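The values are calculated or read from the model by the stated rules, or taken from the named source; none is laboratory data. Since we're looking at a predicted model, the values are computed, not measured. Reconstructed Cβ throughout: ideal geometry from the backbone, glycine too, with neighbour counts over all protein chains shown. Heads up: the accessible areas ignore ligands, DNA and RNA and are worked out on the full protein's heavy atoms, side chains in. Shrake-Rupley method; radii C 1.70, N 1.55, O 1.52, S 1.80 Å.
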Amino acid sequence: MDDSIGAFVPHGKFAIAGSGYGALVGRTFAAKDIIDVANYVTGCGNPDWLRTHEPALVTAPTIQRCLDAGAEFYGKTVTEELATGLTGENTHYGTPRNCNAPGRVPGGSSSGSAAAVAAGLVDFALGSDTGGSVRSPASFCGIYGIRPSHGRIPMAGVMPLAASLDVVGWFARDPDMLAAVGQVLLEGPPRDQTRGGFLVAADAFEQLDRATADALLGAVARVEELLGSASPVQVAGDDAPGQGLDSWALVARTLWGAESWAEHRDWIEAVQPKFGTGVAARFVARSQVSAADAVQAGVLREAISSHLNVMLDDGAIMALPSAPGIAPLIGGSDSDIDPFRAANEPLGAIAGLGRLPQIVLPMAEVDGVPLGLGLAARNGNDEILLELAMSLRDAGMVANVEIPQ
(Lines give C-alpha, C1' and ligand atoms only; values in the text may rest on other atoms or scores of the structure.)
Protein backbone atom coordinates (compact mmCIF):
# COMPACT_ATOMS: atom_id res chain seq x y z
CA MET A 1 0.00 0.00 0.00
CA ASP A 2 1.35 3.42 -1.00
CA ASP A 3 1.36 5.69 2.04
CA SER A 4 4.07 8.23 1.37
CA ILE A 5 2.09 10.93 3.18
CA GLY A 6 1.38 9.13 6.49
CA ALA A 7 -2.39 8.97 5.99
CA PHE A 8 -2.89 5.43 7.34
CA VAL A 9 -2.44 4.13 10.88
CA PRO A 10 0.06 1.24 11.23
CA HIS A 11 -2.62 -1.24 12.33
CA GLY A 12 -4.93 -0.12 9.52
CA LYS A 13 -2.83 -1.08 6.51
CA PHE A 14 -4.94 -3.90 5.11
CA ALA A 15 -7.13 -4.26 2.05
CA ILE A 16 -10.55 -5.84 1.47
CA ALA A 17 -11.89 -6.60 -1.99
CA GLY A 18 -15.25 -5.24 -3.06
CA SER A 19 -18.14 -7.35 -4.28
CA GLY A 20 -17.13 -7.07 -7.93
CA TYR A 21 -20.35 -5.38 -9.01
CA GLY A 22 -22.32 -2.25 -8.21
CA ALA A 23 -22.15 1.52 -8.51
CA LEU A 24 -18.62 1.79 -7.03
CA VAL A 25 -16.84 -0.98 -8.95
CA GLY A 26 -13.27 0.01 -9.77
CA ARG A 27 -13.17 2.61 -7.02
CA THR A 28 -10.99 2.55 -3.91
CA PHE A 29 -11.69 3.99 -0.48
CA ALA A 30 -10.41 4.33 3.07
CA ALA A 31 -12.10 5.03 6.39
CA LYS A 32 -11.31 6.99 9.51
CA ASP A 33 -10.07 4.73 12.32
CA ILE A 34 -13.21 5.17 14.39
CA ILE A 35 -15.29 2.99 12.00
CA ASP A 36 -15.36 -0.76 12.58
CA VAL A 37 -14.07 -3.45 10.25
CA ALA A 38 -14.78 -7.02 11.36
CA ASN A 39 -11.79 -8.87 12.85
CA TYR A 40 -9.72 -5.70 13.31
CA VAL A 41 -9.41 -3.44 16.35
CA THR A 42 -10.66 0.10 15.81
CA GLY A 43 -7.94 2.30 17.30
CA CYS A 44 -9.70 5.69 17.56
CA GLY A 45 -6.40 7.54 17.31
CA ASN A 46 -4.99 6.35 20.63
CA PRO A 47 -2.66 3.40 21.36
CA ASP A 48 -4.25 2.83 24.78
CA TRP A 49 -7.66 2.47 23.12
CA LEU A 50 -6.16 0.04 20.63
CA ARG A 51 -4.58 -1.96 23.46
CA THR A 52 -7.73 -2.17 25.60
CA HIS A 53 -10.34 -3.04 22.95
CA GLU A 54 -11.15 -6.25 21.12
CA PRO A 55 -11.47 -6.72 17.36
CA ALA A 56 -14.83 -5.66 15.93
CA LEU A 57 -17.29 -8.48 15.38
CA VAL A 58 -19.16 -6.79 12.53
CA THR A 59 -18.17 -4.33 9.81
CA ALA A 60 -19.95 -0.98 10.12
CA PRO A 61 -22.78 -0.51 7.58
CA THR A 62 -21.07 2.52 6.08
CA ILE A 63 -18.03 0.47 5.07
CA GLN A 64 -20.03 -2.64 4.21
CA ARG A 65 -22.32 -0.76 1.84
CA CYS A 66 -19.33 0.59 -0.06
CA LEU A 67 -17.85 -2.90 -0.31
CA ASP A 68 -21.20 -4.29 -1.46
CA ALA A 69 -21.34 -1.57 -4.12
CA GLY A 70 -18.02 -2.84 -5.50
CA ALA A 71 -15.46 -0.47 -3.99
CA GLU A 72 -12.15 -1.88 -2.72
CA PHE A 73 -11.15 -0.94 0.83
CA TYR A 74 -7.57 0.26 1.26
CA GLY A 75 -7.35 0.73 5.03
CA LYS A 76 -7.91 2.83 8.14
CA THR A 77 -6.76 6.43 8.31
CA VAL A 78 -5.29 8.67 10.99
CA THR A 79 -7.69 10.53 13.25
CA GLU A 80 -7.03 12.80 16.15
CA GLU A 81 -7.56 11.00 19.45
CA LEU A 82 -11.19 9.96 19.98
CA ALA A 83 -12.13 12.18 17.02
CA THR A 84 -11.24 15.29 19.03
CA GLY A 85 -9.38 18.07 17.28
CA LEU A 86 -9.22 20.60 14.47
CA THR A 87 -5.70 20.42 13.04
CA GLY A 88 -5.30 16.69 12.34
CA GLU A 89 -2.03 16.37 14.25
CA ASN A 90 -1.86 13.15 16.27
CA THR A 91 0.80 12.93 18.97
CA HIS A 92 1.05 9.14 18.53
CA TYR A 93 0.66 8.58 14.77
CA GLY A 94 1.92 11.85 13.32
CA THR A 95 0.40 14.39 10.94
CA PRO A 96 -0.71 13.26 7.47
CA ARG A 97 0.81 15.44 4.77
CA ASN A 98 -1.48 17.98 3.11
CA CYS A 99 -0.34 17.75 -0.51
CA ASN A 100 -2.33 20.81 -1.56
CA ALA A 101 -0.96 23.02 1.23
CA PRO A 102 2.60 21.86 2.02
CA GLY A 103 3.75 22.66 5.54
CA ARG A 104 0.18 23.16 6.72
CA VAL A 105 -2.11 20.85 8.68
CA PRO A 106 -4.61 18.62 6.84
CA GLY A 107 -7.38 19.41 9.35
CA GLY A 108 -8.99 17.23 11.96
CA SER A 109 -10.22 15.06 13.19
CA SER A 110 -10.64 13.25 9.83
CA SER A 111 -7.11 14.19 8.78
CA GLY A 112 -5.94 10.93 7.23
CA SER A 113 -9.08 10.48 5.16
CA ALA A 114 -8.89 13.97 3.66
CA ALA A 115 -5.15 13.76 3.06
CA ALA A 116 -5.45 10.35 1.36
CA VAL A 117 -8.06 11.68 -1.07
CA ALA A 118 -6.11 14.87 -1.80
CA ALA A 119 -2.97 12.84 -2.57
CA GLY A 120 -4.83 10.43 -4.85
CA LEU A 121 -4.20 7.37 -2.67
CA VAL A 122 -7.92 6.52 -2.82
CA ASP A 123 -10.93 7.73 -4.81
CA PHE A 124 -12.99 8.58 -1.73
CA ALA A 125 -12.73 8.26 2.03
CA LEU A 126 -15.10 8.17 4.97
CA GLY A 127 -14.69 10.53 7.91
CA SER A 128 -16.90 11.80 10.70
CA ASP A 129 -18.12 15.26 11.59
CA THR A 130 -19.32 16.45 15.00
CA GLY A 131 -18.23 20.09 15.02
CA GLY A 132 -16.51 20.34 11.64
CA SER A 133 -14.31 17.26 11.27
CA VAL A 134 -15.20 16.72 7.61
CA ARG A 135 -15.79 20.34 6.69
CA SER A 136 -12.47 21.77 7.94
CA PRO A 137 -10.25 19.03 6.41
CA ALA A 138 -12.04 19.35 3.06
CA SER A 139 -11.41 23.10 3.12
CA PHE A 140 -7.80 22.81 4.28
CA CYS A 141 -6.94 20.14 1.69
CA GLY A 142 -8.76 21.76 -1.22
CA ILE A 143 -11.12 18.84 -1.94
CA TYR A 144 -14.85 18.12 -1.88
CA GLY A 145 -16.48 16.95 1.32
CA ILE A 146 -19.93 16.58 2.78
CA ARG A 147 -21.39 16.46 6.25
CA PRO A 148 -24.74 14.73 5.57
CA SER A 149 -28.04 15.33 7.34
CA HIS A 150 -28.03 13.97 10.86
CA GLY A 151 -30.01 10.72 10.79
CA ARG A 152 -29.56 9.79 7.12
CA ILE A 153 -26.41 7.68 7.50
CA PRO A 154 -26.31 4.60 9.78
CA MET A 155 -23.99 5.12 12.74
CA ALA A 156 -23.73 1.52 13.92
CA GLY A 157 -20.11 0.45 14.33
CA VAL A 158 -18.85 4.05 14.62
CA MET A 159 -17.24 5.29 17.83
CA PRO A 160 -19.64 7.88 19.29
CA LEU A 161 -18.31 11.24 20.35
CA ALA A 162 -21.56 13.20 20.75
CA ALA A 163 -24.33 11.14 19.24
CA SER A 164 -26.79 14.01 18.80
CA LEU A 165 -24.24 15.78 16.58
CA ASP A 166 -22.19 12.92 15.07
CA VAL A 167 -22.45 11.99 11.38
CA VAL A 168 -20.33 9.97 8.96
CA GLY A 169 -19.33 12.11 5.99
CA TRP A 170 -17.00 11.59 3.04
CA PHE A 171 -14.41 13.21 0.78
CA ALA A 172 -13.73 13.05 -2.96
CA ARG A 173 -11.82 14.94 -5.64
CA ASP A 174 -14.85 15.43 -7.88
CA PRO A 175 -18.59 15.92 -7.34
CA ASP A 176 -19.57 12.83 -9.36
CA MET A 177 -17.70 10.61 -6.91
CA LEU A 178 -19.18 12.49 -3.97
CA ALA A 179 -22.70 11.93 -5.35
CA ALA A 180 -22.08 8.27 -6.18
CA VAL A 181 -21.12 7.57 -2.57
CA GLY A 182 -24.21 9.43 -1.43
CA GLN A 183 -26.41 7.15 -3.51
CA VAL A 184 -24.91 4.19 -1.67
CA LEU A 185 -24.98 5.59 1.87
CA LEU A 186 -27.93 7.95 2.23
CA GLU A 187 -31.09 6.45 3.69
CA GLY A 188 -34.59 7.60 2.79
CA PRO A 189 -35.75 10.01 0.07
CA PRO A 190 -34.77 13.69 0.02
CA ARG A 191 -37.30 16.05 1.54
CA ASP A 192 -37.40 18.37 -1.49
CA GLN A 193 -36.75 17.52 -5.11
CA THR A 194 -35.79 20.94 -6.48
CA ARG A 195 -33.59 23.84 -5.43
CA GLY A 196 -35.19 26.93 -3.93
CA GLY A 197 -33.81 30.33 -3.00
CA PHE A 198 -30.18 31.21 -2.28
CA LEU A 199 -29.19 32.73 1.07
CA VAL A 200 -25.91 33.97 2.54
CA ALA A 201 -25.33 33.67 6.29
CA ALA A 202 -24.11 37.23 6.79
CA ASP A 203 -23.42 36.87 10.51
CA ALA A 204 -21.23 33.82 9.82
CA PHE A 205 -19.16 35.69 7.22
CA GLU A 206 -18.79 38.58 9.66
CA GLN A 207 -16.79 36.20 11.89
CA LEU A 208 -13.99 35.99 9.29
CA ASP A 209 -10.90 38.08 8.65
CA ARG A 210 -11.06 40.30 5.59
CA ALA A 211 -8.94 38.14 3.27
CA THR A 212 -10.92 34.98 4.06
CA ALA A 213 -14.28 36.72 3.74
CA ASP A 214 -13.33 38.33 0.42
CA ALA A 215 -12.15 35.02 -1.04
CA LEU A 216 -15.30 33.18 0.00
CA LEU A 217 -17.66 35.96 -1.07
CA GLY A 218 -15.96 35.84 -4.46
CA ALA A 219 -16.92 32.16 -4.60
CA VAL A 220 -20.49 33.07 -3.55
CA ALA A 221 -20.63 35.48 -6.50
CA ARG A 222 -19.79 32.62 -8.86
CA VAL A 223 -22.53 30.45 -7.36
CA GLU A 224 -24.93 33.36 -7.91
CA GLU A 225 -24.31 33.03 -11.65
CA LEU A 226 -26.15 29.70 -11.44
CA LEU A 227 -28.60 30.28 -8.59
CA GLY A 228 -29.35 33.98 -8.91
CA SER A 229 -28.72 36.76 -6.42
CA ALA A 230 -28.31 35.63 -2.83
CA SER A 231 -30.29 37.18 0.00
CA PRO A 232 -28.22 37.99 3.13
CA VAL A 233 -29.68 36.62 6.36
CA GLN A 234 -28.74 36.70 10.03
CA VAL A 235 -29.00 33.02 10.93
CA ALA A 236 -28.63 33.75 14.64
CA GLY A 237 -30.21 37.20 14.60
CA ASP A 238 -32.71 38.87 16.91
CA ASP A 239 -35.54 36.54 15.88
CA ALA A 240 -33.47 33.38 16.43
CA PRO A 241 -33.39 31.23 19.57
CA GLY A 242 -30.33 31.89 21.71
CA GLN A 243 -29.45 35.03 19.78
CA GLY A 244 -25.93 35.15 18.41
CA LEU A 245 -23.49 32.63 16.99
CA ASP A 246 -21.33 32.73 20.12
CA SER A 247 -24.38 31.58 22.08
CA TRP A 248 -24.93 28.79 19.54
CA ALA A 249 -21.30 27.73 19.89
CA LEU A 250 -21.82 27.41 23.65
CA VAL A 251 -24.90 25.24 23.09
CA ALA A 252 -22.93 22.92 20.79
CA ARG A 253 -19.95 22.84 23.15
CA THR A 254 -22.21 21.97 26.09
CA LEU A 255 -23.93 19.13 24.24
CA TRP A 256 -20.64 17.85 22.87
CA GLY A 257 -19.03 18.00 26.29
CA ALA A 258 -21.83 16.27 28.20
CA GLU A 259 -22.33 13.52 25.64
CA SER A 260 -18.67 12.76 25.02
CA TRP A 261 -17.85 12.63 28.74
CA ALA A 262 -20.82 10.35 29.41
CA GLU A 263 -19.68 8.10 26.55
CA HIS A 264 -15.99 7.85 27.45
CA ARG A 265 -15.78 8.62 31.18
CA ASP A 266 -15.59 5.02 32.39
CA TRP A 267 -12.80 4.11 29.97
CA ILE A 268 -10.81 7.29 30.65
CA GLU A 269 -11.02 6.89 34.42
CA ALA A 270 -10.18 3.17 34.31
CA VAL A 271 -7.33 3.28 31.78
CA GLN A 272 -5.88 6.76 32.37
CA PRO A 273 -4.84 6.94 28.71
CA LYS A 274 -1.94 9.00 27.46
CA PHE A 275 -3.55 11.88 25.57
CA GLY A 276 -1.96 14.80 23.79
CA THR A 277 -2.18 17.96 25.88
CA GLY A 278 -4.98 19.55 23.89
CA VAL A 279 -7.14 16.43 23.92
CA ALA A 280 -6.56 15.91 27.63
CA ALA A 281 -7.59 19.49 28.40
CA ARG A 282 -10.76 19.20 26.35
CA PHE A 283 -11.87 16.06 28.18
CA VAL A 284 -11.20 17.74 31.52
CA ALA A 285 -13.44 20.62 30.42
CA ARG A 286 -16.13 18.19 29.25
CA SER A 287 -16.14 16.46 32.61
CA GLN A 288 -17.26 19.71 34.21
CA VAL A 289 -20.48 20.21 32.20
CA SER A 290 -23.42 20.02 34.59
CA ALA A 291 -26.53 17.95 33.94
CA ALA A 292 -28.70 21.07 34.22
CA ASP A 293 -26.64 22.91 31.60
CA ALA A 294 -26.85 19.89 29.28
CA VAL A 295 -30.65 19.75 29.58
CA GLN A 296 -30.98 23.47 28.91
CA ALA A 297 -28.67 23.18 25.89
CA GLY A 298 -30.75 20.31 24.53
CA VAL A 299 -33.94 22.37 24.70
CA LEU A 300 -32.29 25.33 22.97
CA ARG A 301 -30.79 23.04 20.33
CA GLU A 302 -34.26 21.83 19.33
CA ALA A 303 -35.44 25.42 18.93
CA ILE A 304 -32.36 26.29 16.84
CA SER A 305 -32.86 23.23 14.65
CA SER A 306 -36.48 24.15 13.99
CA HIS A 307 -35.50 27.76 13.23
CA LEU A 308 -32.84 26.75 10.70
CA ASN A 309 -34.98 24.16 8.95
CA VAL A 310 -37.85 26.63 8.52
CA MET A 311 -35.35 29.14 7.10
CA LEU A 312 -34.19 26.53 4.59
CA ASP A 313 -37.59 25.13 3.66
CA ASP A 314 -38.67 24.58 0.04
CA GLY A 315 -35.21 23.63 -1.21
CA ALA A 316 -33.36 26.78 -0.11
CA ILE A 317 -29.55 26.75 -0.03
CA MET A 318 -27.37 28.82 2.29
CA ALA A 319 -23.73 29.80 1.83
CA LEU A 320 -21.57 29.34 4.93
CA PRO A 321 -17.84 29.39 5.66
CA SER A 322 -16.57 25.84 6.07
CA ALA A 323 -13.65 26.97 8.26
CA PRO A 324 -12.48 30.29 9.75
CA GLY A 325 -9.47 30.49 7.45
CA ILE A 326 -6.81 28.55 5.59
CA ALA A 327 -4.99 25.62 7.20
CA PRO A 328 -2.66 26.65 10.04
CA LEU A 329 1.01 25.76 9.86
CA ILE A 330 2.07 22.39 11.26
CA GLY A 331 3.50 22.37 14.75
CA GLY A 332 1.58 25.22 16.38
CA SER A 333 1.22 25.06 20.15
CA ASP A 334 -2.13 24.67 21.87
CA SER A 335 -2.09 28.39 22.65
CA ASP A 336 -1.39 29.14 18.97
CA ILE A 337 -4.31 27.01 17.77
CA ASP A 338 -6.87 27.82 20.46
CA PRO A 339 -8.00 31.15 18.89
CA PHE A 340 -8.48 29.41 15.53
CA ARG A 341 -10.42 26.63 17.26
CA ALA A 342 -12.59 29.20 19.04
CA ALA A 343 -13.29 30.93 15.72
CA ASN A 344 -14.32 27.61 14.18
CA GLU A 345 -16.86 26.69 16.88
CA PRO A 346 -19.65 29.13 15.89
CA LEU A 347 -19.21 28.23 12.21
CA GLY A 348 -19.28 24.48 12.81
CA ALA A 349 -22.24 24.78 15.18
CA ILE A 350 -24.70 25.97 12.54
CA ALA A 351 -25.08 22.75 10.55
CA GLY A 352 -24.54 20.59 13.63
CA LEU A 353 -27.28 22.19 15.71
CA GLY A 354 -29.60 22.33 12.72
CA ARG A 355 -28.97 18.69 11.74
CA LEU A 356 -28.29 20.16 8.29
CA PRO A 357 -26.30 18.73 5.41
CA GLN A 358 -23.37 20.93 4.39
CA ILE A 359 -21.17 20.42 1.36
CA VAL A 360 -17.69 21.90 0.96
CA LEU A 361 -16.59 23.06 -2.49
CA PRO A 362 -12.93 23.87 -3.36
CA MET A 363 -13.77 27.28 -4.81
CA ALA A 364 -11.38 29.75 -3.14
CA GLU A 365 -7.88 30.33 -1.88
CA VAL A 366 -5.89 32.85 0.13
CA ASP A 367 -2.23 33.37 -0.73
CA GLY A 368 -2.36 30.24 -2.88
CA VAL A 369 -3.66 28.07 -0.02
CA PRO A 370 -7.02 26.24 -0.47
CA LEU A 371 -10.22 27.45 1.14
CA GLY A 372 -13.59 25.75 0.79
CA LEU A 373 -17.02 27.34 0.42
CA GLY A 374 -19.78 25.68 2.43
CA LEU A 375 -23.34 25.31 1.15
CA ALA A 376 -26.04 24.03 3.52
CA ALA A 377 -29.63 22.88 3.04
CA ARG A 378 -32.42 21.79 5.35
CA ASN A 379 -32.30 18.36 6.95
CA GLY A 380 -32.97 15.72 4.31
CA ASN A 381 -31.91 17.75 1.29
CA ASP A 382 -28.43 16.27 0.82
CA GLU A 383 -29.15 15.34 -2.79
CA ILE A 384 -29.88 18.94 -3.71
CA LEU A 385 -26.37 19.89 -2.56
CA LEU A 386 -24.74 16.95 -4.36
CA GLU A 387 -26.54 17.78 -7.60
CA LEU A 388 -25.67 21.46 -7.25
CA ALA A 389 -21.97 20.61 -6.96
CA MET A 390 -22.16 18.74 -10.27
CA SER A 391 -24.06 21.62 -11.89
CA LEU A 392 -21.45 24.13 -10.72
CA ARG A 393 -18.68 21.92 -12.10
CA ASP A 394 -20.47 21.51 -15.43
CA ALA A 395 -20.90 25.29 -15.63
CA GLY A 396 -17.16 25.78 -15.09
CA MET A 397 -17.55 27.49 -11.71
CA VAL A 398 -15.68 24.79 -9.77
CA ALA A 399 -13.33 22.11 -11.05
CA ASN A 400 -12.43 18.50 -10.35
CA VAL A 401 -9.34 18.38 -8.12
CA GLU A 402 -6.17 17.17 -9.78
CA ILE A 403 -3.87 14.67 -8.08
CA PRO A 404 -0.58 16.41 -7.21
CA GLN A 405 2.36 15.26 -9.30
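Extending 7 Å from the Cα toward the beta-carbon at both Ala23 and Ser4 defines two label points whose distance is 3.3 nm. Between the residues Asn46, Gly107, Ala179, the greatest Cα displacement towards the positive end of the dipole of the chain, with unit charges on the Cβ of Lys, Arg, Asp and Glu, is found for Asn46.
Suppose R0 equals 30 Å; then what is the FRET efficiency for Leu226 and Thr91 from their Cβ-Cβ distance, rounded to the nearest 0.05? Calculated value: 0.10. Report, in debye and to the nearest 20, how large the dipole of the chain comes out about its Cα centre when Lys and Arg carry +1 and Asp and Glu carry -1 on their Cβ. The calculation lands at about 520 debye. The Cβ shell under 11 Å around Ile326 holds other residues with a net charge of -2, Lys and Arg each +1, Asp and Glu each -1. Per residue, the chain exposes 36 Å² of solvent-accessible protein surface, assessed with a 1.4 angstrom probe and all protein chains in place. Cα-Cα pairs above 30 Å in the chain: how many percent? Within the chain, distances greater than 30 Å cover 33 percent of Cα pairs.
The relative contact order of the chain, computed from alpha carbon pairs under 8 Å that lie at least 6 residues apart in sequence, is 19 percent. Note on the chain: with a GNM built from Cα contacts shorter than 10 Å, the maximum mean-square fluctuation among Ser287, Ser149, Ser164 falls on Ser287. Count the net charge of all other residues whose Cβ sits under 12 Å from the Cβ of Ala230, scoring Lys and Arg as +1 and Asp and Glu as -1. With Lys, Arg at +1 and Asp, Glu at -1, the neighbours total -1.
The residues neighbouring His92, those whose beta-carbon lies less than 11 Å from its own, together hold a net charge of -3 under the Lys/Arg +1, Asp/Glu -1 convention.
Given the options Ala389, Ala342, Ala376, which has the most mean-square fluctuation in a GNM of the chain, springs set between C-alpha atoms less than 10 angstrom apart? Fluctuation is largest for Ala342. Take the Cα radius of gyration of region 1-133 and divide it by 2.2 N^0.38 Å, N being the number of residues; the result is 0.98.
The packing ranking, built from the mean of other Cβ atoms within 10 Å per residue, places the peptides 113-120, 239-246, 304-311 in the order 113-120, 304-311, 239-246, highest first. Counting only Cβ charges, +1 for Lys and Arg and -1 for Asp and Glu, the dipole size of region 143-219 around its Cα centre is about 200 debye.
The gain in end-to-end length when the Asp238 to Gln193 segment is fully stretched comes to 13.1 nm, 0.36 nm per residue minus the alpha carbon separation.
In whole angstrom, note down how far apart the Cα centers of region 96-131 and region 228-296 are. Using only Cα atoms to place each centre, the spacing works out to 24 Å. For the chain, carbon and sulfur atoms together expose 51% of the accessible surface, with a 1.4 angstrom probe and every protein chain in place. Each eigenvalue of the Cα gyration tensor of region 56-128, multiplied by 5 and square-rooted, gives one semi-axis; in descending order these are 23, 15, 8 Å.
Whole-percent P(r), region 113-162, all Cα pairs, 10 Å bins from 0: 25, 52, 23, 0.
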